[in-house]
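Everything below concerns the one structure shown next.
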Amino acid sequence: MRITPSSVALISGAASGLGEATARRLLADGAAVVLADLPTSRGAELADELGPRAAFAPTDVRDEAQVRAAVARAVELGELRVAVTCAGVATPGRILGRKGLLPLDAYRSVIEINLIGTFNVLRLAAEAMAGNEEVDGDRGVVVMTASVAAYDGQVGQAAYASSKGGVVALTLTAARDLAGLGIRVVTIAPGVMETPMMAGLPEETRTSLEALVPHPSRLGRPDEYAALAAHIVDNSLLNGEVIRLDGALRMPPR
């Protein structure tokens, strides 16, 4: 699907990491962008930096009213053609460890942000996209973010792996649900990436993670995620698929 001057992309988790890189890429490709992120994020500052075709929408992806407001902001700017869901958390914890049981509230919170939040953005963006005229046979494209943890969940990743596994399972059924409306749904499952989450790790830990990646033996870059997201938008045959972006990484148990 070609990006046109009237195209708008809504990106959740857009104030940093994968979301920020995707916003920058789609803006460079000609779309206006709505940066949906928490009120406490640097979203407003980033929107000012990116210029008049970028807008910040304070958004908790779990909140229907806030996501609706972000979608409405996108529609004000033009035609919502692309939605990319990058908002997520990776709260660790064993099901039963030295500190006892994994609290149910901790598990629930990860599911609500990573899975329910993703679904919330998907459904509300699709509702707006359904009113678009077709461009190259598409009315819109939704790119969701899973993780290799959906397949290779490590010790302590019960909540995270569950949430990302849910996004993987959602992909095909969402694509089938929305096919009649001309809306495609594709998911990217990144491996270990250079995100703010990784930035706080000790150098020794980063080095050990890089060594797990067969080739190239390094952390993935956010701009590589953004490039794949842009290709998904462009390639109309990509639909209902989960694409691993991981350098052939398969995570060990620990």
Practice item. Considering (1) open to solvent by 10 Å² or more (accessible area, probe 1.4 Å); (2) in contact (Cβ under 8 Å) with a residue 24 or more places away in the chain; (3) outside any helix (DSSP H, G or I), say which one Met1 fails and leave the rest. Key: (1)
**Study point:** Subset of segment 199-246 [within 21 Å of Ser12 (Cβ to Cβ), of a type in the set (A, V, I, L, M) and assigned to a loop (DSSP other than H, G, I, E, B)]
**Key:** Leu238
Check your understanding: Which of the residues that make up segment 40-63 are in contact with an Asp or Glu (Cβ under 8 Å, 6 or more places away or on another chain) and open to solvent by 20 Å² or more (accessible area, probe 1.4 Å)?
Key -> Phe56, Pro58, Arg62
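Given segment 93-171, what helices (runs of 4 or more DSSP H) lie entirely inside it while holding 3 or more residues that are small (Gly, Ala, Ser) and open to solvent by less than 30 Å² (accessible area, probe 1.4 Å)? I'd like the intermediate steps shown before the answer.
Details: elements: 104-111, 117-129, 149-152.
By residue number, 117-129.
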Point to revise | Hits in segment 221-254 (condition: of a type outside the set (Val, Ile, Thr) and closer than 15 Å to Cys86 by Cβ) | key: Arg221, Pro222, Asp223, Glu224, Tyr225, Ala226, Ala227, Leu228, Ala229, Ala230, Leu245
Review point. Can you name the number of the only condition in (1) more than 25 Å from Met197 (Cβ to Cβ); (2) part of a helix (DSSP H, G or I) that Ala55 fails?
Key: (2)
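The values are calculated or read from the model by the stated rules, or taken from the named source; none is laboratory data. Computed from a predicted structure; not experimentally measured. Positions of Cβ are backbone-derived with ideal geometry, glycine not excepted, and every protein chain shown enters the neighbour counts. Accessible surface is based on the protein model in full, side chains and every heavy atom, while ligands, DNA and RNA are left aside. Shrake-Rupley method; radii C 1.70, N 1.55, O 1.52, S 1.80 Å.
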